[in-house]
Amino acid sequence: MEYFFENLEFSSSIYIIITPLVFMVADIISGFIGAVIRNEVKSKVMRVGLLHKILLILIISLSILLDLSFNFNFISKSVSIYIIVMEFISILENLKKAGVNTEKLIDIFKKKGSDIK
């Protein structure tokens, strides 16, 4: 597993920004659709969620600034990977709340994760 993370690279630097943003948008959409399905759409919950996303964008921006300022190459990559994983888990939770059976998908990822050496 350590080898996997040491050698993980984004195909382009721009994807350090774009990939987490796409996952954030997917999380917002899946959360909203799930709330509509459950008839639980609340503007306050949506507003708080969007403010959390803005904070995540701030963290991504600051991590990129740190990498560029100190000639690092790992802070923004680590932050982006963390946010991508966090958003992916949230999307799976939203799908489950919307009634989609995610157990098989979760089992597949657990199996693939244990195969990584």
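Among the residues making up segment 53-65, those that are among the aliphatic types (A, V, I, L, M) and either surrounded by 13 or more Cβ atoms within 10 Å (Cβ to Cβ) or over 22 Å from the mean Cα position of the chain (by Cα) (or both) are Leu56, Ile57, Ile59, Ile60, Leu62, Ile64.
Condition check for Gly99 on (1) on the phi > 0 side of the Ramachandran plot; (2) not in a loop (DSSP other than H, G, I, E, B): one failure, at (2).
Those residues that are outside any helix (DSSP H, G or I) and in contact with a helix residue (DSSP H, G or I) (Cβ under 8 Å, 6 or more places away or on another chain), I need them from segment 61-82; list them, please. The answer is Phe72, Asn73, Phe74. Against the list (1) part of a helix (DSSP H, G or I); (2) surrounded by 13 or more Cβ atoms within 10 Å (Cβ to Cβ); (3) in contact with a helix residue (DSSP H, G or I) (Cβ under 8 Å, 6 or more places away or on another chain); (4) not basic (Lys, Arg), the condition Leu50 fails is (2). Selection within segment 83-100: residues that are free of Cβ contacts under 8 Å to residues at least 60 places away in the same chain and hydrophobic (A, V, I, L, M, F, W, C). The member of this set that is farthest from Ile60 (Cα to Cα) is Val100. Here Ile84 fulfils each of the conditions (1) at pLDDT below 95; (2) surrounded by 15 or more Cβ atoms within 10 Å (Cβ to Cβ) apart from (1). Among the criteria (1) under 17 Å from Ile75 (Cβ atoms); (2) modelled with pLDDT of 95 or more, the one Ser30 does not fulfil is (1).
All conditions but one from (1) surrounded by 16 or more Cβ atoms within 10 Å (Cβ to Cβ); (2) of a type outside the set (D, E, K, R); (3) under 12 Å from the mean Cα position of the chain (by Cα) apply to Ser76; the one that does not is (3). From Phe109, Phe23, which residue is out of contact with any helix residue (DSSP H, G or I) (no Cβ under 7 Å at 6 or more places or on another chain) and part of a helix (DSSP H, G or I)? On inspection, the qualifying residue turns out to be Phe109.
Number of residues in segment 22-42 that are under 8 Å from the mean Cα position of the chain (by Cα) and either free of Cβ contacts under 8 Å to residues at least 40 places away in the same chain or surrounded by fewer than 17 Cβ atoms within 10 Å (Cβ to Cβ) (or both): the value is 0.
The values are calculated or read from the model by the stated rules, or taken from the named source; none is laboratory data. In this text, all values refer to a predicted model and were calculated from it rather than measured experimentally. All Cβ positions, even for glycine, are placed from backbone atoms using ideal geometry, and neighbour counts span all protein chains on display.
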